[in-house]
Amino acid sequence: MEMTTERPDKRPVNAMAGAYGHPIHPILVTVPIGAWIASLVFDIASRAADDPNAFSTGAQWLVAIGIVGAVLAALWGLVDYLRIQRGTPAFRTATTHLLLNDVVLLLFVVSWVLRLGDDGATSIGLIVVSIVALALLSVSGWLGGKLAYRFGVRVADEHTQAEGYTTASPTRTHRSGPAGRR
């Protein structure tokens, strides 16, 4: 029987981090990503709309929702980050991911503050800030994917994953290809 040592980053530190193989952080990041992308769409729409206030106000709310979502995602991400062994490529990648997300969050907080009391179409400057922040967020998201899919941070170990590919009957064969060739 092969004995493997499980890395601490595979298991949650407590129940609040999410169950084994079901981390909370990746679920939470969908809120700021979606809200901030939608805010950019609303900003652009405010430049072409007959009533720009409706879209710019909507964008301001979406930026705020994204900020709240990002703070929550960051808290759960920090719980996972603290479980990664220091001095490893995974830790360096996670640190870069964390720092990029901090910059993105800061850019959107500044954007939100600048939007307060602003009437009319969203300024080109704020649209550029959103585009830059979303570009940085894309890089950070790519690094987050690398953490999960390449380094396996908070992903179930291969033995657990293999359970999903075990057939119920050992006599059953798997056919693949267009003509059913094996």
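Quick notes on this one:
Quick grid of which residues meet (1) surrounded by 13 or more Cβ atoms within 10 Å (Cβ to Cβ); (2) farther than 22 Å from residue 153 by Cα; (3) at pLDDT 95 or above; (4) polar (S, T, N, Q):
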{"position": "6", "(1), (2), (3), (4)": "no, no, no, no"}
{"position": "23", "(1), (2), (3), (4)": "yes, no, no, no"}
{"position": "36", "(1), (2), (3), (4)": "yes, yes, yes, no"}
{"position": "70", "(1), (2), (3), (4)": "yes, no, yes, no"}
{"position": "85", "(1), (2), (3), (4)": "no, no, no, yes"}
{"position": "94", "(1), (2), (3), (4)": "yes, no, yes, no"}
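- Taking first residues from region 112-133 that are touching a residue at least 24 places away in the same chain (Cβ under 8 Å) and within 19 Å of residue 70 (Cα to Cα) and partners that are aromatic (Phe, Trp, Tyr) and surrounded by 13 or more Cβ atoms within 10 Å (Cβ to Cβ), the Cβ contacts under 6 Å between residues at least 6 apart in sequence or on separate chains come to 133/108.
- Of the criteria (1) surrounded by fewer than 17 Cβ atoms within 10 Å (Cβ to Cβ); (2) closer than 17 Å to residue 124 by Cα, which one residue 61 fails: (2)
- If you check 125, 145, 117 for being surrounded by fewer than 18 Cβ atoms within 10 Å (Cβ to Cβ) and either touching a Gly at 6+ places or on another chain (Cβ under 8 Å) or outside any helix (DSSP H, G or I) (or both), only one passes: 117.
- Residue check for residue 111: modelled with pLDDT of 95 or more, surrounded by 11 or more Cβ atoms within 10 Å (Cβ to Cβ), among the hydroxyl-bearing types (Ser, Thr, Tyr) and over 25 Å from residue 83 (Cβ atoms): yes
- Any hit, region 102-110, residues being within 21 Å of residue 40 (Cβ to Cβ), in a loop (DSSP other than H, G, I, E, B) and touching a residue at least 12 places away in the same chain (Cβ under 8 Å): no
The values are calculated or read from the model by the stated rules, or taken from the named source; none is laboratory data. This structure is a prediction, so every number in the text was calculated from the model and none was measured. Counting neighbours? That spans all protein chains shown, and the Cβs are built from the backbone with ideal geometry, glycine included.
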